[in-house]
Amino acid sequence: MDMVRRAETAWEAIAEHLQLVPLRPEETELIAVGWKAMKAQRYQDLQAHGLGGRDKALVSRAFLRYWSSASAPAHSHEDLIVDRIALAQIWLALSPKHRRILTVLAECDDRRDAERAMNMDTTTFTRVLGSARKVFFALWHEGEIPSKMWGYDRIAERHQNVMSLVRLRKRRALKRKASGVVPRKGRPPVKDLGVSNSELLARYEAGETCKKLAQEFSVSRSLITDRADKARSARAAVAQKSVAEETK
C-alpha cells in the first residue's frame, strides 16, 4: 500500500473508533486501531488479487478456479458435473463406517455432538474421521499424491469470524453509548458488611469460625479471612507505631 492510502485507511479507522468508544481512549489504543485497519485492508487487497494464501507470491487455487470459469467465452457445467459424479462414485467406494462418520458429522455440524451420536470418545472419533478423510482424498486423486487437508474444522461459536466479532463489539458499544451506560473500569467497589474489620477479627478470635461468619453475612469464607487479615495487619501497624513513639 502506498503511504497516502495507508494514512487514509488508518485515519478512517481511528475516526470511527473515536465515535464508538464511551471514554477517551489512550494514544496507544488509537495507534493499534490504525495498524489493524491497515493490515486488514492489505489482506483484502491481496485476496482481491488472489494472493491471500499462505504463500503471498502464489495465486490461490480458488482464485484461479473462479476466474477461469468467469472469464471463459461460454460458461461450462463440466467441472460441477465431474465433481458430483466423482463424489457419488467415491461415496460408494467408502466403507460403511467411514460413510457413517462423515454423515453424522455433517448432520450434527459439531464434533462433540457427532462423538455422542457415534458413541465414541474424542480419540477414537478423531482417528476414524482422519482415516475416512485420507481414504476419500486417495480416491479423489485416483492414484496421484493426495493433497493436504483443504481446511480445518471451524465449527461452533469459539471459531467466530474476526470481523464478525469486531462488528458485534461496535454494535454493543453503540448500544451502551445510546443508553448512557459507562463501562466500569478498575476493581469492583469494596463490599460493605455493616461491621468493621476489627469487629470481625474480634469475633473470629473469640471463637466464631469463618464459615459461620460467612453464612451470617452471605459472603465467601475467603472474604472473611481477607478482612480479618487486614484488621490484624492494621492492629500490628498501630502497635508498632505506638512503640516507636514511646521509645522517642
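The values are calculated or read from the model by the stated rules, or taken from the named source; none is laboratory data. What you see is a predicted model, and the numbers here were worked out from it, not measured in a lab. Note: ideal-geometry Cβ built from the backbone for every residue, glycine included; neighbour counts use all protein chains shown. In case anyone asks, the SASA skips ligands and DNA or RNA and just uses the protein heavy atoms, side chains included. Shrake-Rupley method; radii C 1.70, N 1.55, O 1.52, S 1.80 Å.
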> Mind checking the log10 I(q)/I(0) for segment 207-248 at q = 0.30, 0.34 Å⁻¹? Debye, one equal scatterer per Cα, no solvent, two decimals.
Replying inline: -0.93, -1.03
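Using mean Cβ contacts within 10 Å as the protection proxy, how do 234-242, 40-48 order, highest first? Walk me through the numbers before you get to the answer.
Numbers: 234-242: 10.7, 40-48: 13.4.
Ranked from most to least packed, the peptides come out as 40-48, 234-242.
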> Where in segment 27-52 does the amide nitrogen come within less than 17 Å of the point 7 Å from the Cα of residue 6, taken along Cα to Cβ?
Replying inline: 31-46
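If packing is taken as the average count of other Cβ atoms within 10 Å, what order do 23-29, 11-17 fall into, highest mean first? Walk me through the numbers before you get to the answer.
Numbers: 23-29: 9.6, 11-17: 14.9.
Packing proxy ranking, top to bottom: 11-17, 23-29.
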> Points 7 angstrom from Cα along the Cβ direction at residue 173 and residue 99: gap in nanometres?
Replying inline: 5.2 nm
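Under the 0.36 nm per residue contour assumption, what length would be gained going from the current alpha-carbon distance of residue 127 and residue 209 to full extension?
24.2 nm
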> What accessible surface, in Å², does a 1.4 Å probe find on residue 246, ignoring ligands, DNA and RNA and rounding to the nearest 10?
Replying inline: 150 Å²
